[in-house]
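Report on the structure given below.
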Amino acid sequence: FVLEYLNRRIKVAEDEISKNYDRWSFSERRHQAYLNLPKYEQMLKDMNDSGKPPAPAIIVFPYQYAVTSTIVTYLTRIFCGRSPIFSLGANNAWTAQNVRHMEILLQSHVEHMRLVRTLFQYLLDGEMYGLGVTRINWIEEWGNAPSWKPTTSLEGILGAKGKFQRTNEVRRKYQGNHVINVDPFMFFPDPNVSISQCAEKGEFVFWRDFVGKHILLREQEMGGLKYIDNVPEGTGSQRWQNLSSRNLLTQGSSHAGSERTGNHSKNVYMLDQGTVEIIPSELGLSEGKSVEKWLFTVANGKQIIQAVPLNMDHGKHPIAAIEPYTMGYGFSQPALSDYIGPIQDIISWFVDSHIYNVRTALNNMWIVDPSKIEMQDVLNPKPGKVIRLKPSAVGTDIRTVMQQLPVSDVTARHIGDMDAFIRIGDTVSAVNENLRGLQETGGRKTATEIRVSGDSAASRLAAHAQLISSQGMNEMAQQMVLNIQQFQDEEVYLQVSGGEWNSVTPDGLSGDYLFPVHDGSLPIDKVAQLEVWKEIFTAMLQDQELRVSYNVPQVFEWMAQDLGGAANLRNFRRQPTNAASGGSVVPQVPMDVQGPQQIQQGLQNGQLMPMNGAAV
């Protein structure tokens, strides 16, 4: 009964999301600039052996790939170019004290799971399919960890020094968040709400994957799954398989494990996993009569191997979905490829038609009188040919025997027209030559012209990034923070500032955090920022009041380490000691003070401050 309940919801979502498959598949073909040329190399070899010129190859101009790569690179730089990646805020003083600790712990999770690669695919899916999905888990990784103990052998007892024995013990190596991508072809959300809001408002969300039996058995040993050996053979639903065209160039599988051919295929299971809002008593799962969120896993569409309550503090489905080109309200939204794909088709036609016309002109079409010319000489494809006249045509005017047809290039302007359509595509996508790292043509340009052109495109992409941040990045950060507050059960050591390590308890990570939307601006270049701070530091050294108000050595260390990249700067710092003991003495800053009146005047105008405990 429960299996039918779940499969019915999976089928409803699959029927609705599959309406996008043809559009997505065509977008993948354009992205790969794919051409169906079966046995192309053999065709070229046969033509070369026969002496005939090779047939002209059709060209697909990879315009969509160029634009998509530029936007994804720009967005990756925006979101991943700063550290920590996730910035938090606080709405009270108590939480503000823990903000820095939480940001650093989040960054440690980011580095452990290599979130940058996940975010890159996340952003690429959003541009290509109009949908990017990640799911957020809390995991614990256990493994053998070596430890060294003094040896207890006879040699050690008899006085051998420095002898240690290696032993292995099972330890928890990692406890934290784990974010992974979900293939849009295998994502089945509740079709009654928009996809970008399904984490909060959807009744259910399912995702599909193909997993080896050895992994499932390992999970069963740890108590996460059941009934692995009872899973019937079969692949379940295959409606989506081979609909994706991302494998056309490589001729591999569009998703690893989906082909499932050969003897090994029976050890690979299709898993439909998801979270569903249910009333447990109605399904006979418990006595609960209130709505609860449960996690289910169905293997091969025939056997439930997991059914547990999902007691997450964030109370949402553990996914973060983005729709960067949303038009609002609908279930599925268009993608960038839907806007610039037809432009790529037109550009490709301009190129191919021009090449075909040029080859036609080079083929030298002739009108020939075969009664007066040796035709084998005319048909000889080799260069430097000699065309012989037949004896009956000796002395005949050659122009009456053989005449070349005039050929005009009607596609001479196609390359210029192609540039015009590229500019149209750039206008649609907000990508220009400056964002591609190329210098626009058209003569010399001032720095102001280049900056204004780049800023104009960047402003549109900044708004684009703000939408992605509010849809997905903030959702991801919020769920990760609440997972830490719920499941972090041990003290952690964080490198807070200046290379110092502080121990932080779970209580030091508590609080009600704010998740500000990214402003969409690129991170500041550290080299340029260092130049600005050099001017500030120079002014600080020259002004006596600033030297008194600010800690000059700490400012210098921050500039050198954080901006200049000078590591271990504190190792070169001299420590103040007593001169009588032969140590070094920290030199005192000379002060232009000569008497009590100058001291009182300095106190009044703020140039001097009394030391702690000193009488004024």
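Laid out as a table, the results:
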{"read-out": "Potential extension, residue 250-residue 517 segment - 0.36 nm per residue separation minus Cα distance", "value": "92.2 nm"}
{"read-out": "Spacing of the two label points (7 Å from each Cα toward its C-beta) at residue 599 and residue 16, in nm", "value": "8.0"}
{"read-out": "Residues residue 277 and residue 35, FRET efficiency given R0 of 35 Å [Cβ-Cβ distance, rounded to 0.05]", "value": "0.15"}
{"read-out": "Label point distance in nm, residue 415-residue 378, each placed 7 Å from Cα along Cα→Cβ", "value": "3.3"}
{"read-out": "FRET efficiency, residue 310 to residue 353 (Cβ-Cβ, R0 51 Å, nearest 0.05)", "value": "0.35"}
{"read-out": "Given charges at beta-carbon only (K, R positive; D, E negative), |dipole| of segment 322-374 in Debye", "value": "160"}
{"read-out": "Segments 502-515, 190-203 sorted - mean Cβ within 10 Å per residue, highest first", "value": "190-203, 502-515"}
{"read-out": "Efficiency of FRET from Cβ geometry, residue 302 and residue 218, R₀ 30 Å, rounded to 0.05", "value": "0.90"}
{"read-out": "Label point distance in nm, residue 428-residue 65, each placed 7 Å from Cα along Cα→Cβ", "value": "1.9"}
{"read-out": "Long pairs among 213/302; 201/302; 11/226; 213/316; 19/266, criterion Cα-Cα beyond 18 Å", "value": "201/302; 11/226; 213/316; 19/266"}
{"read-out": "Shape category assigned to segment 252-348 from the gyration tensor of Cα positions, a/c cut at 1.5", "value": "oblate"}
{"read-out": "Cβ crowding within 10 Å averaged over residues, with 371-379, 28-36 ranked highest first", "value": "28-36, 371-379"}
{"read-out": "Selection of trypsin sites (Lys or Arg not before Pro), segment 245-345, meeting DSSP coil and at most 14 other Cβ within 10 Å", "value": "289"}
{"read-out": "Straight-distance crosslink candidates among aspartates and glutamates, where the alpha carbon sits under 13 Å from residue 149 and sequence neighbours closer than 8 are dropped", "value": "169"}
{"read-out": "Cα-based reach from residue 372 at 13 Å (exclusive), listing aspartates and glutamates while leaving out same-chain residues under 8 positions away", "value": "397"}
{"read-out": "569, 105, ranked by accessible area, largest first (probe 1.4 Å)", "value": "569, 105"}
{"read-out": "Rounded D (µm²/s) - segment 324-415, Kirkwood Rh over Cα pairs, Stokes-Einstein at 10 °C, 1.306 mPa s", "value": "88"}
{"read-out": "Sequence of 423, 8 from largest to smallest accessible area, 1.4 Å probe", "value": "423, 8"}
{"read-out": "Dipole of segment 284-356, positive direction: furthest Cα of 290, 310, 340, with charges on the beta-carbon", "value": "290"}
{"read-out": "Loop-located trypsin sites (Lys or Arg not before Pro) in segment 53-139, at most 15 other Cβ atoms within 10 Å (DSSP)", "value": "82, 114"}
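The values are calculated or read from the model by the stated rules, or taken from the named source; none is laboratory data. Model, not experiment: these values are computed from the prediction. We place every Cβ from the backbone using ideal geometry, glycine too, and count neighbours over all the protein chains shown. Please note that ligands, DNA and RNA were not included when accessible areas were found on the heavy atoms of the full protein model with its side chains. Shrake-Rupley method; radii C 1.70, N 1.55, O 1.52, S 1.80 Å.
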